[in-house]
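Enquirer: Before we start, here is the structure in question, set down as structure tokens.
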Amino acid sequence: MMANGYALTFGIEEQSFFRERAKTIPIDWLQLRSGLVILDVGCGTGDLTARIARHVDGGKVYGIDSSPEFIAVAQQLATSSHLNLKFILADAHALPFESHSFDLVYTHTVLMHLSAPEKALQEMVRVTRIGGLIVALGEGNWETVRCEPACEALNLVVKALLSNIQRQGGDPFLGKRLASLFQQVGLGDIEVRESPSSYIMGHDLLQSGYLNLAKPILEKAAAEGFVYLGQMEELLRKIRAWCSMPGSTLHWPKSISVRGCRLLSSP
Ligand SMILES: C[S@@+](CC[C@H](N)C(=O)[O-])C[C@H]1O[C@@H](n2cnc3c(N)ncnc32)[C@H](O)[C@@H]1O
């Protein structure tokens with residue numbers, strides 16, 4: 001399981017995408033305060049982890065990820081930011097920490113990429129102290145994604161992404177069963193939060209980092225014989241043309257977040 005199931009080829013596009021996205025992720029649900037000891041599971045390049053660390057003076061924030069490339073970037077960030085941060089290469093399914101080590105364990109858009117999300121959640125529970133919080137942020141139900149007007153090229157990118165996640169053992173529709181997973185692992189005070197429906201206008205898609213991700217997704221799909229490499233430039237050209245159409249809109253899946261509390265009775 002240590003092999004990183006994450007779909008994308010790591011590149012500068014993803015790095016800047018994660019950096020920008022980390023600034024806007026809602027963190028009010030994490031009940032951050034001074035002194036907390038926190039774990040970010042699947043921390044990627046560590047941008048969200050660093051943002052969290054700024055809210056916990058005197059505490060400590062750990063991030064783990066199974067991608068050596070992401071952890072290397074995160075470790076540079078830890079050194080340059082002088083925050084109380086530590087990044088470790090590890091698998092979410094087997095966390096390298098003692099039981100009851102953390103006040104808060106959270107994850108953002110990771111569980112859908114894992115082959116055994118219930119096992120990862122059990123691990124998150126194990127390393128949380130009794131009364132501590134476990135939070136899964138930003139999972140989705142990707143069956144709801146669609147573009148208006150229809151854009152076959154963009155549909156293909158989404159299809160390539162989803163089938164890639166599935167081929168790696170992940171579940172892009174995990175959001176639907178996330179609350180039930182929290183119940184299965186014995187958490188209490190479970191709350192679910194769904195973002196309102198959201199969409200991105202084509203011209204904003206062109207400006208944002210999202211479109212930069214289309215190329216590595218297609219390259220990965222081409223490497224696995226899902227699309228022809230020769231098609232790629234043409235597909236990207238069609239997507240850009242669609243983005244420039246007045247009114248073109250990508251309807252994004254709702255983001256689903258769940259939090260729960262480790263009880264004395266939690267296994
Ligand atoms: C969509 S990214 C999210 C990164 C980060 N949480 C963020 O919001 O920017 C998914 C992350 O999960 C990591 N990942 C995938 N499988 C993993 C595993 N088995 N154990 C730990 N991390 C894993 C990937 O390397 C990647 O960094």
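Enquirer: I want to check a number: in the chain, how many lysine pairs have alpha carbons closer than 21 Å, given a sequence separation of 8 or more or different chains?
Expert: Within the chain, the lysine pair count is 13.
Enquirer: Work out, step by step, the length gained on full extension between Ile130 and Lys60: first 0.36 nm times the residue separation, then minus their alpha carbon distance; give nm to one decimal.
Expert: Separation in residues times 0.36 nm, less the Cα-Cα distance, equals 23.4 nm.
Enquirer: Right, something else. How far apart, in nm, are two points set 7 Å out from the Cα along the Cα-to-Cβ line at Ala223 and at Ser115?
Expert: Result: 1.8 nm between the two label points.
Enquirer: Another question, if that's okay. At 20 °C and 1.002 mPa s, what whole-number value in µm²/s does Stokes-Einstein give for the translational diffusion of the chain, with Rh from the Kirkwood sum over Cα pairs?
Expert: Translational diffusion coefficient: 112 µm²/s.
Enquirer: Pulled fully out, how much extra length does the chain show between Ser163 and Ser16, if you take 0.36 nm times their separation in residues and subtract their Cα-Cα distance?
Expert: Gain on stretching Ser163 to Ser16: 50.5 nm.
Enquirer: Right, another one. Under a 5 Å amide H to amide H cut-off, with H placed in plane at 1.01 Å, what residues pair with Trp252 once short-range neighbours are removed?
Expert: Close amide H contacts, sequence-distant or interchain: Ser198, Tyr199, Ile200.
Enquirer: Could you work out the pair-distance distribution P(r) of segment 150-228 from its alpha-carbon pairs, with 5 angstrom bin width and percents rounded to whole numbers?
Expert: Pair shares across the bins are 3, 12, 16, 18, 16, 14, 10, 8, 3, 0.
Enquirer: Can you compute the modelled spin-label distance between Ala94 and Ser244, with each label point 7 Å from Cα toward Cβ, in nm?
Expert: Output for this residue pair reads 5.2 nm.
Enquirer: Which three extents, in whole angstrom, do the alpha-carbon atoms of segment 111-174 cover along their principal axes, largest first?
Expert: That works out to 50, 23, 11 Å along the principal axes.
Enquirer: Computed FRET efficiency, Cβ-Cβ of Glu152 and Lys254, R0 22 Å: what is it to the nearest 0.05?
Expert: E between Glu152 and Lys254, to the nearest 0.05, is 0.35.
Enquirer: Enumerate the amide H contacts of Gly132 below 5 Å, restricted to partners 5 or more residues apart or on another chain; note that Pro and chain-start residues carry no placed amide H.
Expert: Arg262
Enquirer: Another one. Each label point is 7 Å from the Cα along the Cα-to-Cβ direction; what then is the distance between the points at Ser81 and Met232, in nm?
Expert: 3.1
Enquirer: Based on the Cβ-Cβ distance from Ser34 to Ser101, what FRET efficiency comes out when R0 is 22 Å, to the nearest 0.05?
Expert: 0.75
The numbers here are math on the coordinates, done by the rules we state, and not lab data. Not measured: the values here are computed from a predicted model. Cβ: placed from backbone, ideal geometry, glycine included. Neighbour counts: every protein chain shown.
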